[in-house]
Amino acid sequence: MIPNLGTSGIAHAIQLAVAPVFLLTGVAALLGVLAGRLARIVDRARRIESAADGKGEHAARARAELQVIGQRGRVVSWAIALGTLTALLIAAVIAIMFIGAFFGVDASVPVALLFIAAMLSMIAALALFLREVHLALSTLRFTGATFHELSRSKDEEKHDTRD
């Protein structure tokens with residue numbers, strides 16, 4: 001039998017669900033960023049693919065960059081999968097909160113477990129996002145040197161001037 005919650009009971013259930021809905025909006029924004037990064041990765045791979053077919057230093061550099069681009073694509077794909085899982089878990093939290101309120105069932109344990117799982121999934125997605133940014137910087141070139149090489153040379157210059 002379905003309990004009669006009335007308008008105030010339903011309003012209270014909606015109030016409880018507002019915070020997870022805002023979190024869901026943030027996850028959707030993160031998924032948009034990740035999808036954009038994946039699109040840029042695909043575009044970059046298509047752009048340098050023909051250069052990797054040749055011979056010489058330029059072709060070798062293009063092949064090395066394609067390997068890193070492949071890694072970046074896999075990392076972003078996993079981040080998107082985990083971000084999507086996060087969104088699904090948060091949606092399940094919202095649904096179970098409403099079901100619990102509507103049927104008068106204590107749903108606190110499944111809600112808590114699903115929310116913890118959502119946060120763990122979000123942490124993993126963000127860690128993968130950070131890894132992808134690091135990989136992207138590893139192939140970034142300025143005047144023939146990578147970002148990391150330039151950073152190391154600046155650190156060495158600072159170290160040399162102190163001595």
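Among the residues of the range 59-76, is there at least one that is of a type in the set (Lys, Arg), in contact with a Phe, Trp or Tyr (Cβ under 9 Å, 6 or more places away or on another chain) and closer than 30 Å to residue 92 by Cβ?
No, every residue in the range 59-76 fails to be of a type in the set (Lys, Arg), in contact with a Phe, Trp or Tyr (Cβ under 9 Å, 6 or more places away or on another chain) and closer than 30 Å to residue 92 by Cβ.
Consider residue 61 carefully, then state whether it is at pLDDT below 90, in a helix (DSSP H, G or I) and of a type in the set (Lys, Arg).
Numbers: at pLDDT below 90: yes; in a helix (DSSP H, G or I): yes; of a type in the set (Lys, Arg): yes.
Yes, satisfied.
Residue by residue, here is whether (1) surrounded by 15 or more Cβ atoms within 10 Å (Cβ to Cβ); (2) without any contact (Cβ under 8 Å) to a residue 60 or more places away in the chain holds:
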| residue | (1), (2) |
| --- | --- |
| 61 | yes, yes |
| 72 | yes, no |
| 84 | yes, yes |
| 93 | yes, no |
| 97 | yes, no |
| 123 | no, yes |
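Any residue that is within 17 Å of residue 140 (Cα to Cα) and among the hydrophobic types (A, V, I, L, M, F, W, C) - is there at least one of those in the range 69-92? So that I can check it myself, show each step before the final result.
Here is the first cut: in the range 69-92, the ones within 17 Å of residue 140 (Cα to Cα) are 69-73.
Adding the requirement that they be among the hydrophobic types (A, V, I, L, M, F, W, C) leaves 69.
There is at least one residue in the range 69-92 that is within 17 Å of residue 140 (Cα to Cα) and among the hydrophobic types (A, V, I, L, M, F, W, C).
Restricted to the range 103-121, and to residues that are outside any helix (DSSP H, G or I) and surrounded by 12 or more Cβ atoms within 10 Å (Cβ to Cβ), which residue is modelled with the lowest pLDDT?
Result: 104.
Quick one: would you say residue 45 is surrounded by 14 or more Cβ atoms within 10 Å (Cβ to Cβ), small (Gly, Ala, Ser) and part of a helix (DSSP H, G or I)?
On the way: surrounded by 14 or more Cβ atoms within 10 Å (Cβ to Cβ): yes; small (Gly, Ala, Ser): yes; part of a helix (DSSP H, G or I): yes.
When the stated conditions are applied, residue 45 passes them.
Scan the range 38-45 and give yes if some residue there is at pLDDT below 95, farther than 23 Å from residue 128 by Cα and of a type in the set (Lys, Arg), otherwise no.
So far as the range 38-45 goes, no, none of its residues is at pLDDT below 95, farther than 23 Å from residue 128 by Cα and of a type in the set (Lys, Arg).
The values are calculated or read from the model by the stated rules, or taken from the named source; none is laboratory data. Small disclaimer: the values here were computed from a predicted structure and weren't measured. Positions of Cβ are generated from backbone atoms using ideal geometry, with glycine treated the same way; all protein chains shown enter the neighbour counts.
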